[in-house]
C-alpha cells in the first residue's frame, strides 16, 4: 500500500500533466493563434470558450481530497482564457464552468460558481487593461493567487453554516491557491514561449523582406545608372576618347556624358554624386538631365553650370551634392574650356614628364543656389593626354586598407608612353583592380581619357 | 577596414562639441549622421565638430555635414570645424566647401568664434 501523501502527489502530478498537454494543444490551434494576433471571430472565440469551459469542468471533476478537503483547479480554465484571449472567452468559459459546478449542488455551490465566473471576468478585464495582450507569467501567477484567495473569501461570505465554511477554507485555502498558481505558471510559460517564438519569427521575416527590398532597390539603382551612361562615344577628329564607369556593389552616383555641340565642339562631363543606392541614382538622373539641358542651351561653360547648379540646389535635401567637371573641347583649335565644380582635378599630361592639374573653379553643385563659377581655358597639343576621373579610382583600397592614390595613377600613365586612350584606360582599370585584389569596391570607378593624336 | 566611428560630445556653455575619431566614409556616415541629427533635435544650435582625430572623409561624410549645417543655419546656429588634418581639409577644399564651412585650427578658436 502506497502512503497517502505519495498517492496525493501522484494525482496532483497527473493533473499538472493534463494541464501541460492542454496548454500545448490549445496554443497550437489556429483559433488561439488568430486571437493572439488580435484577430477575433465568433468562430475562434466560440472554440476557445468551449475549450476553456471544458477545461473548467475537468478542473472540477479531477478535484481530489487533500487532508479530507476537496481541492480543484476549476477556476484555471476561465482565468487562462480571459488572460490570453480576452473577456469574451474568459466570461464564456467562466459561465460554463460555473453552470457545471452549480449543478453539483453542495453548501458552497453559490460561492464556487460565482468564483469561477468572476475568474473569467476579471482575467478578461486584466487582458483589456494590458492593452489587449497577455500579461506574462509573473502577473498571471499573482492573479491566480489573488483570485483563489477571493474564492475563499466568497466561501466565507456566502456559504452557510459559517462554522463549516471556516473549517473548509482553513483546510483547502493553501492547497487550492498553490494548485491553481502552479497550473497558471505552466500555462503562462507555454503561452509566453509561443509569443516570443512568434515575435522572433516575425522579426526574422521582416529582416529577410528588408534584405530582399534592398537588393531589388540596388538592382534598380544600378539599372538607372547604367542606362544613363552613353554606350557609344562620338568621334572627334584628331582625338582619341575613351571612357568607362564601373559601379560599386552599393551603387554610387558616378556618371559621364559626352555631348556634341555646334562648331566642332564636344562637351565632356564627369560627375560624382554624394550618396549611395537609390537616392544617389535618382539624384544622378536629375543632375545629368539638368546639366545636359543647360550645356546644350548655353554656349559658355560657366553659364551652363551656373544655371544647372541653381536648378539642382533648389531640389536638394539632406545635403546631397554633385562634384562635376565640364569641359568643352574645340576640335578646330584644340582648346579646352572647362568648369571644375568641386571635382577632383583632372590631370593634363604634357608629354609624359609634365602634367597640370585642372583645379576647381567653383563649388560642388547643389549646395548653394547662388554659387559662382569661373571658366578656364587650356591649350592641348599633339600627344597631350587629359585624364578625368572620380575619387573611386584614387581612393580604391586594398586588403591592407591602403589607397591606390594619385601617385600610383600618375606612375601608371607615365609607364606607357605613346599608348592610345583606350589602352591607357584599360591599363589603369586593370591596375586598380589588381591593387584592390579581394577588397570590396566601395565606390564607383569612373575614368575618361582624351588624347590628342600626335602628328 | 576600420569601419568604426567613435563619437563623443561635451558642451562648453551653449556650444556642443562633437568629437569624431575614425574614418567618415560610406560605412560610418549613417551612424554619424544619426548621432549629429539627434544632437540637433535635442536643441543644440551651435556645434563645433572636433575633427582632430578624423583620419579620412569621403563625399558621403561631406554630405552629412552639409545636411547638418543646412539644418542649423535657419535656426540661427552653425556647424564649424576644428583641427582637421591637411588630408581631410583638402577634401573640403577640392569640393569648394572651404567657402561654406568655417574652419579653425583648434577647438578653442572654434569655440571663441561662437562667443
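The values are calculated or read from the model by the stated rules, or taken from the named source; none is laboratory data. All values reported here derive from a predicted model rather than from experimental measurement. Positions of Cβ are generated from backbone atoms using ideal geometry, with glycine treated the same way; all protein chains shown enter the neighbour counts.
For the range A:337-368, the candidate set comprises residues that are more than 46 Å from the chain's Cα centre (by Cα) and either within 14 Å of chain B (Cβ to nearest Cβ) or over 19 Å from residue A:258 (Cβ atoms) (or both); within that set, the residue that is surrounded by the most Cβ atoms within 10 Å (Cβ to Cβ) is A:349. Restricted to the range B:85-100, and to residues there that are under 22 Å from residue A:325 (Cβ atoms) and assigned to a loop (DSSP other than H, G, I, E, B), the residue that is farthest from the other protein chains (Cβ to nearest Cβ) is B:100.
If I filter the range A:52-65 for residues that are free of Cβ contacts under 8 Å to residues at least 24 places away in the same chain and surrounded by fewer than 17 Cβ atoms within 10 Å (Cβ to Cβ), do I get at least one hit? Yes; the residues of the range A:52-65 include at least one that is free of Cβ contacts under 8 Å to residues at least 24 places away in the same chain and surrounded by fewer than 17 Cβ atoms within 10 Å (Cβ to Cβ). Scanning for something touching a residue at least 24 places away in the same chain (Cβ under 8 Å), facing chain A (nearest Cβ under 10 Å) and touching a strand residue (DSSP E or B) at 6+ places or on another chain (Cβ under 8 Å), does the range B:10-30 turn up at least one residue? Looking for residues that are touching a residue at least 24 places away in the same chain (Cβ under 8 Å), facing chain A (nearest Cβ under 10 Å) and touching a strand residue (DSSP E or B) at 6+ places or on another chain (Cβ under 8 Å), one finds at least one in the range B:10-30, hence yes. So for the range A:369-390 (the condition being surrounded by fewer than 22 Cβ atoms within 10 Å (Cβ to Cβ) and within 11 Å of chain B (Cβ to nearest Cβ)), does at least one residue qualify? Checked against the condition, which is being surrounded by fewer than 22 Cβ atoms within 10 Å (Cβ to Cβ) and within 11 Å of chain B (Cβ to nearest Cβ), the range A:369-390 yields at least one hit. Residues of the range A:395-438 that are within 14 Å of chain B (Cβ to nearest Cβ) and over 25 Å from residue B:90 (Cβ atoms): A:399, A:437, A:438. Answer yes or no: is there a residue in the range A:278-294 that is away from chain B (no Cβ under 14 Å) and more than 44 Å from the chain's Cα centre (by Cα). No: the range A:278-294 contains no residue that is away from chain B (no Cβ under 14 Å) and more than 44 Å from the chain's Cα centre (by Cα).
Comparison of A:312, A:305 shows that the only residue that is within 14 Å of another protein chain (Cβ to nearest Cβ) and at pLDDT below 95 is A:312.
Every residue, every condition in (1) over 25 Å from residue A:138 (Cα atoms); (2) surrounded by 19 or more Cβ atoms within 10 Å (Cβ to Cβ), yes or no:
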residue: A:191; (1), (2): no, yes
residue: A:197; (1), (2): no, no
residue: A:216; (1), (2): yes, no
residue: A:231; (1), (2): yes, no
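Within the range A:338-354, does at least one residue satisfy the condition of being in a strand (DSSP E or B), at pLDDT 95 or above and under 19 Å from residue A:252 (Cβ atoms)? Yes - at least one qualifying residue is present in the range A:338-354. Counting the residues of the range B:69-80 that are farther than 11 Å from residue B:46 by Cα and either more than 7 Å from chain A (Cβ to nearest Cβ) or surrounded by 22 or more Cβ atoms within 10 Å (Cβ to Cβ) (or both) gives 2. Residues in the range A:222-273 that are assigned to a helix (DSSP H, G or I) and in contact with a strand residue (DSSP E or B) (Cβ under 9 Å, 6 or more places away or on another chain): A:225, A:226.
Residue-level analysis places residue A:334 outside the set of residues that are crowded, with 16+ Cβ neighbours inside 10 Å and within 14 Å of chain B (Cβ to nearest Cβ).
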